[in-house]
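Some notes on the structure that comes next.
The values are calculated or read from the model by the stated rules, or taken from the named source; none is laboratory data. For clarity, every value in this text was computed on a predicted model and none was experimentally measured. Please note: Cβ atoms are built from the backbone with ideal geometry, for glycine as well, and neighbour counts cover all protein chains shown.
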Amino acid sequence: LVQVKKSAKRATRFYLDNNQIWQPTKDRAFAATVGGTVRIKAGTIGGFMMSINDGSWFRVKRVD
């Protein structure tokens, strides 16, 4: 993770070092900090799942 942004009107966005931007599909609390390790995998029903620092998996969508 190179940047984590959360605004009042939009959900949290995760900026990765490969210039990808991902956003969770549901609003929730995250223990994400710059420099954290992110893993992304294909979900079983489609879409994608993300794990930050080997934590729990949650659904995400790619923004850019």
Subject >> Selection within the stretch 18-39 - over 14 Å from ASP64 (Cβ atoms) and either surrounded by 12 or more Cβ atoms within 10 Å (Cβ to Cβ) or at pLDDT 95 or above (or both) >> reply: PRO24, THR25, PHE30, ALA32, GLY36, VAL38, ARG39
Original post:
Does the stretch 24-47 hold any residues that are without any contact (Cβ under 8 Å) to a residue 24 or more places away in the chain, more than 16 Å from GLN3 (Cα to Cα) and of a type outside the set (Gly, Ala, Ser), and which are they?
Top reply: ASP27, ILE40, LYS41, THR44, ILE45
